[in-house]
Amino acid sequence: MTLSVDISVSENIQAGNDDVPEPAQIQNWAKAAYLNDVPAVASLMVTDADEMQQLNLQYRAQDKPTNVLSFPMQAVLEDEVLLLGDIALCAPVINQEARQQAKPEMAHWAHMVVHGMLHLQGYDHIDNAEAEEMEHMEIEILAQLGFDNPYQ
């Protein structure tokens, strides 16, 4: 158990929605983006636009839905397991962006999961150097998963 991924899907997302990847697929993408050997746990929630807008307003003071939000914790649990934090993924925004950018939806979903996981591990894109490093890592991880460079 290097990384355990807990996935929940909001009750506002219809069960069996074809536009949401299977939990096992999301877990695989998250595990591929975990860059450490220390046992860890991360929680991912797939949500709708209204819930994401509320989270974005509450935590980032932006009154609109967004594709992914990460909430890093980096806390060690009593059994020496690292609690990485939480990721919220907005299904309608991710799918709409994929269509607008003419990308396969699953490729964009994988990118958002990888992006969120890197944030949980301390990576960011606040300045140009950090952004370049994070983008390079995303491209590399996504290539290992069989996806094209998301920035082309």
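The table that follows gives values for the structure above.
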{"quantity": "Neighbour-count order for M45, M117, fewest beta carbons within 10 angstrom listed first", "calculated": "M45, M117"}
{"quantity": "Fully extended contour minus Cα-Cα distance, from V41 to N28, at 0.36 nm per residue", "calculated": "3.3 nm"}
{"quantity": "Per residue, the convex hull volume that the Cα atoms of the chain enclose (Å³)", "calculated": "123 Å³"}
{"quantity": "Length gained when the stretch D124-D148 is fully extended (0.36 nm per residue, less Cα-Cα span)", "calculated": "6.5 nm"}
{"quantity": "Gap separating the Cα centres of the stretch 68-119 and the stretch 17-42, nearest whole Å", "calculated": "9 Å"}
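Bear in mind these aren't lab numbers, they're just calculated from the coordinates by the rules spelled out. Quick caveat: nothing in here was measured; it's all calculated off a predicted structure. Glycine gets a Cβ as well: all are built from the backbone with ideal geometry, and neighbour counts include every protein chain shown.
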